[in-house]
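Asks: My structure is below; once you've seen it, I'll send some questions.
The values are calculated or read from the model by the stated rules, or taken from the named source; none is laboratory data. Just so it is clear, the structure is predicted and the values come from calculations on it, not from any experiment. Please note: Cβ atoms are built from the backbone with ideal geometry, for glycine as well, and neighbour counts cover all protein chains shown.
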């Protein structure tokens, strides 16, 4: 039964307590990292945290050493109004049935050893990244990628930027995202390749711009995502040549795109010579497959984290006249991905505890709703829920899956 919007989650939370009574207690750790002397506090907390714990980082202005999450379920989120500022993140060896949630990251890797800003590798469990600004700066070495996913079963990235840092360092040449033997889903993201290196003389033209997204093997689903090839390297020399623009998408595995924009990289300039040619929108390698869907992308976002008894906001964008609703689940989807109606399901259907309707999308195409969260059971410090948006029109009829969003509900004492 789908309920109308402006409802509380009192009923779902009653179910939460039943589920949580049979599982290990989740501890919430709150860190305030606004002073340089606490640069190791986050990694120390991650190392000491029990499987399934929650870490909330208060707003701060300092960048911190690389963070590694190894072999456990963990939620690491920036508190409302802030961002979790890091130099780089590695998530590895997450077992099947476990999950890592990262939300509100602002990460810039200053690298000279080809290390990406975010590395997800050897994860049989789910990795969920949301509302994050992920950049890379290169000072030496070869092409440098922003996000690299290797041997991982289910990675969801939503409303995030994966791109070179706009200032500092050398041209990165690398990709915004590289997928190898993994299943990755993108919702409402921007991925950009790095600029090619500047030519070093007439015989040495600028190099080619980086490919925005490379699917070496495995699968990619992308909805409402922009992929922008990197610009070719410039050549300042008489008779020099600019480098070719980068490719927006290169597919060696499989890719399904819904309402995505692929922009080839511009050719590198050569004011005293020959400019480089533009890149191409997509390249499908032997054995690869690329499928596009004409279904318009939808938008959905939920506030997180929120405290019990506070008002929470939910935002939707869709086709006017259709209904917006969510499934509320205690777990994200696991790999391999399940596709319904040309989209990836992001929540576990076996852990769904409720469905909530928010009403009809108005002529503007945007719908916003708020309601007051209920009180958590006394023994519960925090609860993660995973929300799958869907949009339907019974008069047509149509059903379209939209993006997901994670919501962390905390006890009011935090």
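Asks: Taking the condition of being without any contact (Cβ under 8 Å) to a residue 60 or more places away in the chain and closer than 20 Å to residue 196 by Cα, how many residues in region 250-266 meet it?
Replies: 5
Asks: Shifting gears a bit: Take residue 56 and tell me if it is surrounded by 15 or more Cβ atoms within 10 Å (Cβ to Cβ), closer than 20 Å to residue 123 by Cα and in contact with a strand residue (DSSP E or B) (Cβ under 6 Å, 6 or more places away or on another chain).
Replies: No.
Asks: Before we move on, is residue 316 touching a residue at least 24 places away in the same chain (Cβ under 8 Å) and over 21 Å from residue 101 (Cβ atoms)?
Replies: Judged against the criteria, residue 316 is a match.
Asks: Any idea how many residues of region 215-253 are at pLDDT below 95 and not in a loop (DSSP other than H, G, I, E, B)?
Replies: 1
Asks: Looking at 125, 104, 188, which is the one that is closer than 29 Å to residue 336 by Cα and at pLDDT below 95?
Replies: Every option except 104 fails the conditions.
Asks: Scanning for something assigned by TED's automatic domain parsing to the domain that holds residue 104 and not in a loop (DSSP other than H, G, I, E, B), does region 207-214 turn up at least one residue?
Replies: So far as region 207-214 goes, yes, one or more of its residues are assigned by TED's automatic domain parsing to the domain that holds residue 104 and not in a loop (DSSP other than H, G, I, E, B).
Asks: If I filter region 320-344 down to residues being surrounded by fewer than 20 Cβ atoms within 10 Å (Cβ to Cβ) and within 15 Å of residue 258 (Cα to Cα), which single residue comes out as modelled with the lowest pLDDT?
Replies: Filtering region 320-344 for residues that are surrounded by fewer than 20 Cβ atoms within 10 Å (Cβ to Cβ) and within 15 Å of residue 258 (Cα to Cα), the one modelled with the lowest pLDDT comes out as 341.
Asks: Also, I was wondering about something else. When the residues of region 55-91 are filtered to those that are under 16 Å from the mean Cα position of the chain (by Cα) and in a loop (DSSP other than H, G, I, E, B), which remaining residue is modelled with the highest pLDDT?
Replies: That would be 88.
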